[in-house]
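Undergrad: Structure in structure tokens, see below.
The values are calculated or read from the model by the stated rules, or taken from the named source; none is laboratory data. All values reported here derive from a predicted model rather than from experimental measurement. Here the Cβ is made from the backbone with ideal geometry for all residues, glycine too, and neighbour counts use every protein chain on show.
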Amino acid sequence: MIFIGKIKKYRKRIKIKKNQQKKELNQIIKKMYLYKLEIRNIVKYAVINIQATIGKNIQINRNISD
């Protein structure tokens, strides 16, 4: 009986460790996903800004040529 009790305790410890590892992994994955979204937003903004500046330059050029 004592031996079985020890095995059960050991199994519980392993389960707890596995759960902690899973939680840590999930947190890392969430962080990576958030970084990915941030990078996408930055790229979107950069593209929009570039388009806006190009548009302004084209308008200025048109005004000068007119």
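Undergrad: Consider only pairs whose beta carbons are under 7 Å apart and that are at least six residues apart or on different chains; among these, list those whose first residue lies in the stretch 34-47 and is at negative phi and whose second residue is of a type outside the set (Ser, Thr, Tyr) and modelled with pLDDT of 85 or more.
TA: none
Undergrad: Checking the structure you have, find out if any residue of the stretch 7-28 is aliphatic (A, V, I, L, M), at pLDDT 85 or above and in a helix (DSSP H, G or I).
TA: yes
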